[in-house]
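Beneath this line is the structure, given in structure tokens, with notes to follow.
The values are calculated or read from the model by the stated rules, or taken from the named source; none is laboratory data. It should be emphasised that the depicted structure is a prediction, and the values quoted were computed from it without experimental measurement. Quick reminder, even Gly has a Cβ in these numbers, built from the backbone with ideal geometry, and neighbours come from all protein chains shown. Just so you know, the surface numbers come from the protein's heavy atoms only, side chains and all, with ligands and any DNA or RNA stripped out. Shrake-Rupley method; radii C 1.70, N 1.55, O 1.52, S 1.80 Å.
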Amino acid sequence: MRYGNFIDKLRLFTRGGSGGMGYPRLGGEGGKGGDVWVVAQNRMTLKQLKDRYPRKRFVAGVGANSKISALKGSKGKDCEIPVPVGISVTDENGKIIDSQMLENPLC
């Protein structure tokens with residue numbers, strides 16, 4: 001809801017990075033895709049988040065493909081979302097994500 005400049009609900013699009021392709025003939029392994037993290041910050045508001053990221057899209061980086069010179073691909077870049085302290089994070093069905101899950105990557 002929105003009352004003047006106050007925002008108490010904000011919907012964001014998030015997606016973890018996809019993993020890289022392996023090099024199966026040589027046993028290569030593609031890099032893991034990046035993770036999306038929700039990071040609480042003091043003095044952050046949902047309005048500031050919306051103003052700073054108007055598209056409201058957060059996508060982590062893609063893992064690197066393996067190759068002959070590097071059989072293990074590098075990990076994709078993580079994506080951090082700065083949010084106000086004390087918010088509730090829900091999934092697309094409106095279910096609150098447990099705070100213990102927030103210690104681990106969302107994607």
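Worth pointing out:
- Of everything listed in (1) over 18 Å from Gly17 (Cα atoms); (2) among the hydroxyl-bearing types (Ser, Thr, Tyr); (3) touching a residue at least 24 places away in the same chain (Cβ under 8 Å), the single unmet condition for Ser69 is (3).
- Residues located in the stretch 67-83, provided they are open to solvent by less than 20 Å² (accessible area, probe 1.4 Å) and in contact with a helix residue (DSSP H, G or I) (Cβ under 8 Å, 6 or more places away or on another chain): Ile81, Pro82, Val83
- Residues that are of a type in the set (Gly, Ala, Ser) and either at pLDDT 95 or above or within 29 Å of Leu12 (Cβ to Cβ) (or both), drawn from the stretch 56-71: Ala60, Gly61, Gly63, Ala64
- For the stretch 1-44, a tally of residues being exposed (fewer than 15 other Cβ atoms within 10 Å of the Cβ) and either part of a strand (DSSP E or B) or without any contact (Cβ under 8 Å) to a residue 40 or more places away in the chain (or both) returns 14.
- If the condition is being open to solvent by 90 Å² or more (accessible area, probe 1.4 Å) and farther than 30 Å from Gly22 by Cβ, then the stretch 45-66 contributes Asp51, Arg52, Pro54, Arg55.
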